[in-house]
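Notes to accompany the following structure.
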Amino acid sequence: MLLRSRSAPLVIRADLQHDPQHSPEPIILEYASRLSTLDICGPSNTLEMFFSNLQPSVGSTTRLRCLRVISTSDPQSTPLWLPRNFLRCKEDAQKLEANLAPVQLHLHGCAFPWDSPSYSNITHLHLANISPLQSPTTEQLLEILVTSPRLETLALVHCSLSSLRGFPVTLPQLTSFVLSTESTAIFILLLHFLRLPDTAMVTVTCKDRPNHAYRLAIHLFCKSSSASQYDTVQIRHQNGLILHLSHSCTSYSRVFRLEMSKWAEGNNIVVATESILDALDFSSVTTLHLAGFESIPRRVGTNGELVCSLLLLYIRMSRYTPRLHTLHIHGSFPPRWLDFMLAEAMLRVGVSHYLSCLGSYQINFIMVGPTWPSLRRLCLHAIDFAAPVVTFRQPDTTPPTLAAVLRALMWARKRGHAPFWRLQLADGCSGLTTTDVSEFEVFVDVDHMQPEGDTASGNATRFMSGLPEQKDSEALREEAIGAFAAMVESIGRIVVQRSTLRADGASASGV
């Protein structure tokens with residue numbers, strides 16, 4: 001077969017871990033000049049012997065365009081160094097850069113010496129599980145990138161760096177950058193030196209213990225993203241932070257993952273979200289996803305300082321997203337946000353309550369204008385409508401249902417000329433009756449999705465619409481105000497110091 005194919009490119013894939021008896025060494029030695037792809041994996045000692053036996057072919061693999069080497073041994077043991085000149089000999093590296101053929105390089109648990117000419121003119125570079133015993137300095141990694149101006153994809157997975165010194169490197173043709181690291185410090189270091197195109201897809205995963213460095217990491221990630229490239233932001237707090245930027249009409253995507261244990265403890269959720277608001281340009285954002293905020297400790301009910309922080313967060317987020325028209329809530333509303341949203345909407349139509357958290361700020365809120373004036377679509381995911389809307393109610397009070405609070409919010413926004421147009425009850429919503437859905441339809445169009453494969457109609461997220469009971473405007477008004485009063489009285493009075501809060505969303509302490 002090889003004789004008949006003559007000079008056709010040769011693709012070789014071999015697994016020396018499970019089939020060490022069928023090594024492709026003889027074929028490569030005989031047809032090295034035709035080799036275009038070599039994909040090989042195995043223990044480090046087997047791979048070391050394999051490449052040592054190929055030394056006679058070094059310099060002959062001029063057509064090799066893709067090299068994938070995976071060491072299955074523990075990278076913390078003896079490092080596996082590949083032959084310095086396997087891909088490029090010294091003479092190749094001295095040729096004009098334009099004459100060097102581009103190469104795709106995927107190295108897992110092994111590496112060429114970091115000053116090897118084999119790293120020249122790479123279009124796809126993937127380094128994974130490079131142990132500290134073998135890791136490059138930051139300068140060495142940046143030097144490799146400089147010699148590959150046509151680099152399109154760069155992936156660094158558990159690849160540590162052994163120094164802090166470096167220099168700026170521009171990667172004009174990069175389309176994808178993937179980084180997975182055990183330390184936020186490495187991400188901060190790389191993003192400080194790398195100049196990435198606005199259109200590049202970026203995925204960053206940092207696993208670290210909670211520390212102050214994550215705020216700087218968030219800042220650098222946000223500042224590296226151009227506001228003109230995204231219109232959708234997802235903020236998810238699930239065992240850490242996931243910040244996802246995308247565009248509804250393009251394939252643009254940037255993802256920052258911060259994996260930390262005990263993330264919900266302390267004030268990390270609020271602080272991290274504030275850091276995003278400080279650094280990210282929300283001027284073009286039209287769609288916002290919020291998830292995981294239910295992990296904030298429920299002590300918020302009696303903690304005036306935390307209530308103040310959540311109120312500030314709500315005000316700032318609504319002010320910083322003036323073009324927002326679609327809001328997705330996953331799992332649960334952030335604590336107290338329904339209280340804030342309803343109190344502020346009621347305030348716009350002249351309804352207030354002396355126990356409301358906004359009671360001492362009525363004039364300020366009226367002057368700065370409504371929050372989220374363009375919000376028209378509310379999408380709820382995996383919301384349990386049977387769960388209590390107030391988890392820390394005052395004695396001898398009866399809190400309203402979540403459905404009643406949402407109807408009151410819809411009524412107030414419609415009266416305040418900032419109506420919701422559509423309510424989407426997405427996958428996982430439960431605890432609603434057909435009557436609830438019918439009463440929603442008095443104010444908005446309701447979309448209700450049924451989970452895939454679920455044909456039941458009684459307790460899933462699909463409901464019979466039915467015809468709502470006809471109520472006059474005065475009855476609707478009394479129901480809405482009654483739900484608002486019941487919610488406020490169930491929560492009770494929480495004192496928020498006026499000196500710490502301004503209506504523009506800033507704080508005297510610089511939060």
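The values are calculated or read from the model by the stated rules, or taken from the named source; none is laboratory data. What you see is a predicted model, and the numbers here were worked out from it, not measured in a lab. Please note: Cβ atoms are built from the backbone with ideal geometry, for glycine as well, and neighbour counts cover all protein chains shown.
Every residue in the range 145-198 that is more than 18 Å from residue 105 (Cβ to Cβ) and of a type in the set (S, T, N, Q), please.
Across the range 145-198, the qualifying residues are 160, 162, 163, 170, 181, 183, 184.
Taking the range 350-385 as the region of interest, how many residues are at pLDDT 85 or above and in a loop (DSSP other than H, G, I, E, B)? Please lay out each step first, then the result.
Just the residues of the range 350-385 that are at pLDDT 85 or above, to begin with: 372-385.
Now drop any that are not in a loop (DSSP other than H, G, I, E, B), which leaves 372-376, 382-383, 385.
The number of residues fulfilling the criteria is 8.
Test of understanding: among 310, 324, 342, which residue is at pLDDT 85 or above, under 22 Å from residue 241 (Cβ atoms) and surrounded by 21 or more Cβ atoms within 10 Å (Cβ to Cβ)? First the steps, then the outcome.
Numbers: 310 fails: at pLDDT 85 or above; 342 fails: under 22 Å from residue 241 (Cβ atoms).
Only one candidate passes the filter, namely 324.
Could you list, in sequence order, the residues of the range 148-162 that are surrounded by fewer than 16 Cβ atoms within 10 Å (Cβ to Cβ) and either assigned to a helix (DSSP H, G or I) or β-branched (Val, Ile, Thr) (or both)?
157
Answer with yes or no whether residue 129 is on the phi > 0 side of the Ramachandran plot and either modelled with pLDDT of 90 or more or in a loop (DSSP other than H, G, I, E, B) (or both).
Working: on the phi > 0 side of the Ramachandran plot: yes; either modelled with pLDDT of 90 or more or in a loop (DSSP other than H, G, I, E, B) (or both): yes.
When the stated conditions are applied, residue 129 passes them.
How many of the residues in the range 227-284 are surrounded by 21 or more Cβ atoms within 10 Å (Cβ to Cβ) and on the phi > 0 side of the Ramachandran plot?
Within the range 227-284, residues that are surrounded by 21 or more Cβ atoms within 10 Å (Cβ to Cβ) and on the phi > 0 side of the Ramachandran plot number 1.
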